[in-house]
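These notes are about the structure you will find just below.
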Amino acid sequence: MRALVIGGAGYIGSVVSKHLLEAGHRVTVADDMSKGHDWAVPDDAEFRAVDVRDQEALAEVVAEGFDAVLHFAALSLVGESVTEPVRYFKTNVGGSLNLLDAMRAGGCRRLVFSSTAAVYGEPEAIPIPESAPTRPTNPYGASKIAVDMAIGYEAAASGLGAVSLRYFNVAGASGRQGELHDPETHLIPSVLKVALGEGDAVRIFGTDYPTPDGTAIRDYIHVDDLARAHLLALEATVEPGHRIFNLGNGTGFSVREVVDTARLVTGCQIPAVESPRRPGDPPVLVASSDRIRAELGWVPQKPALEDMVSDAWQWMRVHGRAAALQD
Ligand code: UFG
């Protein structure tokens, strides 16, 4: 299959691109490089520089003729979305609408979309099924549910075959590809940076949540398991219509548990400082992944938090510094 991976120079998009190539697909990465990295784009992928907000440029790339599009390009920081909501809507919603237009015009009928657990807001029940009400507590989640809705209507109208994957917290690394953001706000890389000596202490955002140790709970999923789910989702897009799947392991870990795991994996002390809650953060997000297991046969191979932290740690030590210097 000839696949267009939009946002394929970023953390998750680059790992999925690698998996697609390994499975024998042809891959073209499209990215505006605002968050992406040259080193992350797999050698065997073609590359197009394009910003999803540029309707004409995006349509030109899509018109090259692809069997399917995997759309990762988005702004994805909860805290930033609270202070810059319009920018989030312009890129995430505007860019995705441009893509849907371009796909209809270019006759491309298969789409895998990166959605998020943030669409659920503060869930009524844990683990969260796909049928849970979507009441995002921040503009990031709101922008993604808007796109999920647009995809649903477009699929009904045009016969598009689409899958939205609602990621929980993605972690770990895959060979040369790993997580590097500037600035880094995600928990696991932030903790590991302290272990590497970059920063004095990790901040624990919120110690008064209604959870056993008072810190927020998240469901972490290994980026390789996430990538495998994308390949299954891609197969499922052969059917017209829009399907939605949560992607997590079904187990929650608190911020303190993540810090403790990182201490164990790295052998470093990793000082932690208790700080106020971060705006927009829900207390607990844990997935029910029953649907993707039952319908697409997805089985996570690396569900242990220790493996995710350990892979991220290995990547940071072997590739992290060199990658940061290349940027
Ligand atoms: N946290 C800290 N200290 C830090 C960084 C994070 O205590 O230095 C806390 C956060 O407050 C949160 C948890 O660790 O409670 C996880 O935070 P991340 O920033 O790693 O991840 P988020 O849960 O905020 O967001 C991630 C993705 C989103 C996605 C969400 C879905 O970045 O795109 O998971 O669960 F929507």
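The values are calculated or read from the model by the stated rules, or taken from the named source; none is laboratory data. Keep in mind it's a predicted model, so treat the numbers as computed, not measured. Glycine gets a Cβ as well: all are built from the backbone with ideal geometry, and neighbour counts include every protein chain shown. For the accessible areas, the whole protein counts, side chains as well, though only heavy atoms, and no ligand, DNA or RNA atoms are used. Shrake-Rupley method; radii C 1.70, N 1.55, O 1.52, S 1.80 Å.
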Subset of region 7-39 [under 20 Å from Val170 (Cα atoms), open to solvent by less than 10 Å² (accessible area, probe 1.4 Å) and of a type in the set (Ser, Thr, Tyr)]: Ser14, Ser17
Taking the condition within 10 Å of the ligand (Cβ to nearest atom) and either open to solvent by less than 10 Å² (accessible area, probe 1.4 Å) or within 17 Å of the chain's Cα centre (by Cα) (or both), does Ile151 pass? no
Of the numbered conditions (1) farther than 27 Å from Gly10 by Cβ; (2) open to solvent by less than 50 Å² (accessible area, probe 1.4 Å), Ala233 fails exactly one; give the number of that condition. (1)
Considering each of Gly197, Gly206 in turn, give the residue that is assigned by TED's automatic domain parsing to the domain that holds Ala262 and modelled with pLDDT under 95. Gly197
If you check Glu198 against the conditions, is it open to solvent by 20 Å² or more (accessible area, probe 1.4 Å) and without any contact (Cβ under 8 Å) to a residue 60 or more places away in the chain? yes
Which pairs turn up if I take residues in region 165-189 that are open to solvent by 50 Å² or more (accessible area, probe 1.4 Å) and look for partners that are near the ligand (Cβ under 9 Å from one of its atoms) with beta carbon separation below 6 Å, at least 6 apart in sequence or on another chain? Thr185/Leu77
Taking the criterion of being modelled with pLDDT under 95, open to solvent by 10 Å² or more (accessible area, probe 1.4 Å), of a type in the set (Val, Ile, Thr) and within 27 Å of His37 (Cα to Cα), would at least one residue in region 257-267 satisfy it? no
Determine if region 228-244 includes at least one residue that is within 26 Å of Asp311 (Cα to Cα) and near the ligand (Cβ under 9 Å from one of its atoms). no
Can you find even one residue in region 318-325 that is open to solvent by less than 80 Å² (accessible area, probe 1.4 Å), farther than 30 Å from Val119 by Cβ, modelled with pLDDT of 95 or more and touching a Phe, Trp or Tyr at 6+ places or on another chain (Cβ under 7 Å)? no
Can you find, within region 134-148, the residue that is surrounded by the fewest Cβ atoms within 10 Å (Cβ to Cβ) among those that are in a loop (DSSP other than H, G, I, E, B) and in contact with a Pro (Cβ under 8 Å, 6 or more places away or on another chain)? Thr137
Going through region 1-46 one residue at a time, which ones are under 17 Å from Leu99 (Cα atoms) and part of a loop (DSSP other than H, G, I, E, B)? Gly7, Gly8, Asp32
